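A quick write-up on the structure given underneath.
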Amino acid sequence: MGLIRRAKTALRTLFLSLNDTPTVTAEPPRDTSHQLTNAEFSLTANQVQRVIAAASTPRDALLIRLLAETGMRRSEVVNLQWEDIDADQRRLVIRNGKGGKMRIVPMTSALCEAFDSHAPLIGRRGFIFDSRQSGRLSARQLNRIVARVHSGYG
């Protein structure tokens, strides 16, 4: 019998003997990791406004507002282009969403105003959230921005 097999057998025997002892109760270890539900991630409207206010730049504030108000995925946000915004209809066109599907996302008037405020800073061509290195923000860069805003929120 190999060393590992003997160790497992010894541990199993010990565990079973502890369960048989009336003064000691033992349970096998439980898996404490679990996926959090959406309700555990939710913020009140006031908390969302405070997080947006904690952003250090108008671009970061727009990113946080967009994520909070639309529920868009990271890849959808970083691939969003100015031509995908229909301000008259107050909606965003996601051209390549999950599963390669196109979908329409409604916008609040506050989000429309935030886009209008952001446009003069960078123009209305190409990616809304651009990067000096690659032309568009990456999902990793988006994660860093959200983490930075979160650390300033506290």
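Please treat every number below as a calculation from the coordinates, not as lab data. This one's a predicted model, so the numbers in the text were calculated from it and none came from an experiment. Because the Cβ atoms are built from the backbone with ideal geometry, glycine has one as well, and the counts that use them run over all protein chains shown.
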**Study point:** Residues that are surrounded by fewer than 19 Cβ atoms within 10 Å (Cβ to Cβ), of a type in the set (Asp, Glu) and closer than 16 Å to Phe127 by Cβ, drawn from segment 61-87
**Key:** Glu83, Asp84
Review point. Pick from Leu67, Leu62, Leu142: which is touching a His at 6+ places or on another chain (Cβ under 8 Å) and either in a loop (DSSP other than H, G, I, E, B) or of a type outside the set (Phe, Trp, Tyr) (or both)?
Key: Leu62
**Study point:** Failed condition for Pro58, given (1) in contact with a strand residue (DSSP E or B) (Cβ under 7 Å, 6 or more places away or on another chain); (2) in contact (Cβ under 8 Å) with a residue 40 or more places away in the chain
**Key:** (1)
Practice item. Tell me which residues, restricted to segment 75-106, are over 22 Å from Gln133 (Cβ atoms) and β-branched (Val, Ile, Thr). Key: Ile85, Val93, Ile94, Ile104, Val105
Review point. Counting only residues that are under 14 Å from Leu80 (Cα atoms) and among the β-branched types (Val, Ile, Thr), which one in segment 94-111 is surrounded by the fewest Cβ atoms within 10 Å (Cβ to Cβ)?
Key: Ile104
Review point. Of all residues in segment 71-115, which are at positive phi and assigned to a loop (DSSP other than H, G, I, E, B)?
Key: Gly71, Arg90
Exercise for review: Could you check, for segment 112-128, whether at least one of its residues is surrounded by 17 or more Cβ atoms within 10 Å (Cβ to Cβ), of a type in the set (A, V, I, L, M) and in contact with an Asp or Glu (Cβ under 6 Å, 6 or more places away or on another chain)?
Suggested key: no
